[in-house]
Amino acid sequence: MTARATAAPAAAPGAGAPQGTASRDAVPNAEATGRRVEEVLEHLAGRDREASAAAEELVRLLMDFYGAGLARIMHLVSSGTEDGGPRPALLSDELVTSLLVLHDLHPEDTTARIGRALDSVRRQHPADVVEFDAESGELRLRAGDGGGCGCPSTNQQARQAVEATVSCFAPEVTSVRWEVPGDRAEPALLQISRRPPTADTAP
């Protein structure tokens, strides 16, 4: 099997299964998958050079993405020294998490993954969850005190960094709305006046 004919196993049909009838429980076969990808690329090359080039680029992108993910998994598994084993490190890693979520394999729910995302950037860009609407996908965040200069450009870069991390850990989040200080409810102002005269102090 050539490098050109390598594709992501998760997207490949099972070995021996007829085209278009791949079972979700079937175990992918690297050799059979490679042959099928080679056939598709050659078919496209004979019909449309532009489409063939785009397909080959897609295969390379997938190889790079999954290759980096596998390398990251092996690194975390081999270097994991925590009591819980490599699992905490794997679930806290942005690249590994994106792969698990992509294939609906991540064991944590959306709220937990949003929390992990914010924890991973809290040292540089502190932010807290105000509310997450699962139906609309909107996440409301409140920026914490990061000790920055408060410049608009700095704030914007920090927010973009937070949003990018959240999108990797929780792609269910379709939009992020930031609370500004003016949106926060102010405490009620107490009006202090003289105490009304009592029977003992009345003239």
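The values are calculated or read from the model by the stated rules, or taken from the named source; none is laboratory data. Please read these numbers as outputs of a predicted model, since none were measured by experiment. Virtual Cβ from ideal backbone geometry, glycine too; neighbours counted across all protein chains shown. Each accessible area value is taken on the protein alone, full model and side chains, heavy atoms only, with ligands, DNA and RNA left out. Shrake-Rupley method; radii C 1.70, N 1.55, O 1.52, S 1.80 Å.
At a 1.4 Å probe radius, carbon and sulfur cover how many percent of the accessible area of the range 57-122?
C and S atoms contribute 59 percent here.
Residues of the range 60-112: accessible area per residue at 1.4 Å, in Å²?
Numbers: 3380 Å² over 53 residues.
On a per-residue basis, 64 Å².
Evaluate E = 1/(1 + (r/R0)^6) for Arg49 and Trp178, where r is the Cβ-Cβ distance and R0 equals 45 Å; express this FRET efficiency to the nearest 0.05. Don't jump to the answer; show the numbers that get you there.
On the way: r = 46 Å, r/R0 = 1.03.
Once rounded, the FRET efficiency stands at 0.45.
Full-extension gain between Ala32 and Ala71, please, as 0.36 nm times their residue separation minus the C-alpha to C-alpha distance.
11.7 nm
Given a Förster distance of 35 Å, report the FRET efficiency between Arg142 and Leu62 from their Cβ-Cβ distance, rounded to the nearest 0.05. Kindly include the intermediate steps, with their values, before the conclusion.
Values: r = 37 Å, r/R0 = 1.07.
Efficiency computed from Cβ-Cβ geometry: 0.40.
Run the quick spin-label model on Ala134 and Leu102: label points 7 Å from Cα toward the beta carbon, then report their separation in nm to one decimal.
Distance between the two pseudo-spin positions: 2.5 nm.
Would you kindly state how much longer the chain becomes between Val40 and Arg123 on full extension, computed as 0.36 nm times their sequence separation minus their alpha carbon distance, in nm to one decimal?
Length gained between Val40 and Arg123: 25.2 nm.
For an R0 of 22 angstrom, estimate the FRET efficiency from the Cβ-Cβ distance between Arg87 and Cys168 and round to the nearest 0.05.
Here the calculated transfer efficiency is 0.75.
Please give the peptides 61-73, 39-51 ranked by average Cβ packing (other Cβ atoms within 10 Å per residue), highest first, as a rough proxy for protection.
Most protected by this proxy first, the peptides run 61-73, 39-51.
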